[in-house]
Amino acid sequence: MDKFIQIAIDGPAAAGKSTIAKIMAQKLGYVYVDTGAMYRAITWASIHHDVDLDNEKAIMALLSETRISLAPGGKVSVNNVDVTEQIREPDVTANVSKIATYESIREALKARQIALADAANVIMDGRDIGTHVLPDADFKFFMVADPKVRAQRRHEENRSRGIASDLVSLEADIKKRDEMDANRKHAPLKQANDAILIDTSALSIHEVVDKMVGFVLK
């Protein structure tokens, strides 16, 4: 059986991973897997069902009966309910890093992510793809950007979605998420030894895409 190509893109919040991964997937004809959306989906479901966010076992029980679907174009569904916009709401954003610290949740979602990567050529983005989920990926990238730049990007994204947004608070939240993601015990955010570092602070979206696609096609 032919081996499918795997491209892993990691990096902190609002570094541009999802935007870049979507465009690359379109250019290369690959399936895009937004693992962050999967964590947001179970966070949304936990809030929606009034599950105690400090209760890992209760969240895991909910996840076991929750079907998360990712469709082309970025649509995200939970048990056939479209939650694409809801998972970007501030209450989800504020709690997703907490949910992502739970080992049982990470391992359960990892299994789903690997299944997707075994079925097609994929571009998968997240925090631990190159180090934990797809350690043997054919190409690995680690995207970074200055926190102020990332806050401004998220601020503009929120405004475009009609979500209330405060730039100062966003920067503080992003720095807090960075710390939580980098210091969690299980599968923390870190650059894989063989990942290519891409600083997007001063680059346009298309400049980043061209640079990364260049590495894949050379």
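Structure data summary
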{"quantity": "Extension reserve of the residue 194-residue 69 stretch, reckoned as 0.36 nm per residue once the Cα distance is removed", "calculated": "42.0 nm"}
{"quantity": "FRET efficiency for residue 107 and residue 3, using Cβ-Cβ distance with R0 set to 25 Å, rounded to 0.05", "calculated": "0.60"}
{"quantity": "Net charge dipole size for the chain [Lys, Arg +1 and Asp, Glu -1 on Cβ; Debye, nearest 20]", "calculated": "300"}
{"quantity": "Listed residues 112, 106 arranged by accessible area, highest first, probe 1.4 Å", "calculated": "112, 106"}
{"quantity": "Square roots of 5 times each gyration tensor eigenvalue, C-alpha, the chain, largest first, Å", "calculated": "25, 21, 17"}
{"quantity": "In nm, spacing of pseudo-spin labels at residue 56 and residue 115 (7 Å Cα→C-beta vector)", "calculated": "2.2"}
{"quantity": "Ranked by how many other beta carbons lie within 10 Å on average, peptides 134-141, 194-201 from highest", "calculated": "134-141, 194-201"}
{"quantity": "Counting DSSP beta bridges with both ends in the chain, the antiparallel % (nearest 5)", "calculated": "25"}
{"quantity": "Accessible surface of residue 184 - all protein chains present, 1.4 Å probe, nearest 10 Å²", "calculated": "20"}
{"quantity": "Calculated on alpha-carbon atoms, Rg and Dmax of the range 155-218 in Å", "calculated": "15.7, 43"}
{"quantity": "Accessible area, probe 1.4 Å, largest first, for residues 107, 85, 65", "calculated": "65, 85, 107"}
{"quantity": "Average Cα contact separation per residue, the chain, under 8 Å, 6 or more apart, as relative contact order %", "calculated": "33"}
{"quantity": "Summed residue charge, Cβ within 11 Å of residue 203's Cβ, Lys/Arg positive, Asp/Glu negative", "calculated": "-2"}
{"quantity": "Relative contact order %, the range 56-129, counting alpha carbon pairs below 8 Å whose residues are six or more apart", "calculated": "22"}
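The values are calculated or read from the model by the stated rules, or taken from the named source; none is laboratory data. Treat the numbers as computed from the prediction; the structure is a model and nothing was measured. Neighbour counts run over all protein chains shown; Cβ positions are idealised from the backbone, glycine included. Surface accessibility is based on the protein's heavy atoms, side chains included, excluding ligands, DNA and RNA. Shrake-Rupley method; radii C 1.70, N 1.55, O 1.52, S 1.80 Å.
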